[in-house]
Amino acid sequence: MIIGKSKREIEKMRAAGRLVAQVRESLRRMVRPGVTTLELDAAAEKMIRDAGALPTFKGYHGFPFSICASVNEQVVHGFPSAYALKEGDIFSIDCGVTLAGYVGDTATTVPVGRVSEDRLKLIRVAEECLERAIRQCWPGKYLGDIGWAVQSHAEAHGYGIVRDYVGHGIGRKMHEDPQIPNYGKPGTGVRIRAGYVFAIEPMINVGTHRTKTLADGWTVVTLDGQPSAHVEHTVAITEEGPEVLTLLAESMPEAEAVNA
Ligand code: MG
Ligand code: MG
């Protein structure tokens, strides 16, 4: 069942979204060769708790950390570790916070130092896929429109689109109905209504879309070992179109720009 949110609830989700966006951007600024992913996890947890919120991921189905830290061929759900990021890596940070009972969920993929042009392109296309998906978030559109927006753009660049993991509704719980695949047919699936809030999260691979999970039971990697990028925003659907809740105020696009 899809849980529609009232304006008052969306106001609370705005606060959670703003906080997790601040955490994401702070971590992004800390990324450099030599920093360990465990240091970034500790920094995230401190920021979240200092703000009076909870790290949603920690303890979620037993996940032991506050962020997912996925490097290179790791797609999602990587464990922060003593691994020190190195020049040329691409590093996905996924983070969730629960503030006043509502969840914000966001991810970004960051180049570490100087990174090859093909890896930068992968990140850029993943970000473009997310932007295109967000532009479909209007009342009266369909989930299939979101999936197609991602799929058509990624495939135009020859990339694989992860099928095994998808976006989701979000609210009091991190994972609510519906599932939001990054593939689909326009005009099919659930009809989008004002008050829905979605976490949209394309996972785009240089090579095959197929994945496997490592022995830790969590870390998902590409089956062919080629790099993967993951980006995510929490988006509220309003009568006036999409409102991205996980942008910082200063980088908030105009409504017209989002609908361009
Ligand atoms: Mg996430
Ligand atoms: Mg998510």
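The values are calculated or read from the model by the stated rules, or taken from the named source; none is laboratory data. These figures come from a predicted structure and were not determined experimentally. Ideal geometry is used to build each Cβ from the backbone, glycine not excepted, and the neighbour counts take in all protein chains shown. Heads up: the accessible areas ignore ligands, DNA and RNA and are worked out on the full protein's heavy atoms, side chains in. Shrake-Rupley method; radii C 1.70, N 1.55, O 1.52, S 1.80 Å.
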Give the number of residues within the range 126-148 that are more than 16 Å from the chain's Cα centre (by Cα) and assigned to a helix (DSSP H, G or I). 4
Candidate set: the range 111-133, residues that are of a type in the set (Lys, Arg) and under 21 Å from Thr36 (Cα atoms); chosen: the one most open to solvent (accessible area, probe 1.4 Å): Arg114
With respect to the numbered conditions (1) assigned to a helix (DSSP H, G or I); (2) away from ligand 2 (no atom under 16 Å from the Cβ), which one is the sole condition not fulfilled by Gly158? (1)
Is it true that Ala236 is modelled with pLDDT of 95 or more, assigned to a loop (DSSP other than H, G, I, E, B), farther than 23 Å from Tyr159 by Cα and aliphatic (A, V, I, L, M)? no
Scan the range 116-124 and give yes if some residue there is modelled with pLDDT of 95 or more, over 25 Å from Lys7 (Cβ atoms) and within 16 Å of ligand 1 (Cβ to nearest atom), otherwise no. no
Do you know which of the residues in the range 69-85 that are part of a strand (DSSP E or B) and open to solvent by 10 Å² or more (accessible area, probe 1.4 Å) is farthest from ligand 2 (Cβ to nearest atom)? Ala84
So which of Glu131, Glu127 ends up being out of contact with any Pro (no Cβ under 8 Å at 6 or more places or on another chain), free of Cβ contacts under 8 Å to residues at least 12 places away in the same chain and within 19 Å of Val235 (Cβ to Cβ)? Glu131
So which pairs qualify, if the first residue must be in the range 165-186 and part of a strand (DSSP E or B) and acidic (Asp, Glu), the second must be more than 12 Å from ligand 2 (Cβ to nearest atom) and open to solvent by 30 Å² or more (accessible area, probe 1.4 Å), the Cβ gap must be under 7 Å, and the two must be at least 6 apart or on different chains? Glu176/Ile3; Asp177/Met1; Asp177/Ile2
Give me the residue from the range 191-218 that is surrounded by fewer than 20 Cβ atoms within 10 Å (Cβ to Cβ) and among the hydroxyl-bearing types (Ser, Thr, Tyr) and, out of that set, nearest to ligand 1 (Cβ to nearest atom). Thr213
Restricting to the range 86-110, and then to whatever is of a type in the set (Asp, Glu) and either more than 15 Å from ligand 1 (Cβ to nearest atom) or surrounded by fewer than 22 Cβ atoms within 10 Å (Cβ to Cβ) (or both), can you tell me which residue is nearest to Ala236 (Cα to Cα)? Asp89
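Every residue, every condition in (1) among the charged types (D, E, K, R); (2) within 25 Å of Gly160 (Cα to Cα), yes or no:
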residue	(1), (2)
Ala15	no, no
Val20	no, no
Leu54	no, no
Gly88	no, yes
Val115	no, yes
Asp118	yes, yes
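Take the residues in the range 1-50 that are among the small types (Gly, Ala, Ser) and over 25 Å from Gly78 (Cα atoms); name whichever of them is farthest from the chain's Cα centre (by Cα).
For the range 1-50, the residue satisfying everything is Ser6.
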Which pairs have Cβ atoms under 6 Å, sit 6 or more apart or on different chains, and link a residue in the range 225-239 that is within 12 Å of Ala194 (Cβ to Cβ) and in contact (Cβ under 8 Å) with a residue 60 or more places away in the chain to one that is open to solvent by 30 Å² or more (accessible area, probe 1.4 Å) and assigned to a loop (DSSP other than H, G, I, E, B)? Ile237/Ala194; Thr238/Ala194; Glu239/Ala194
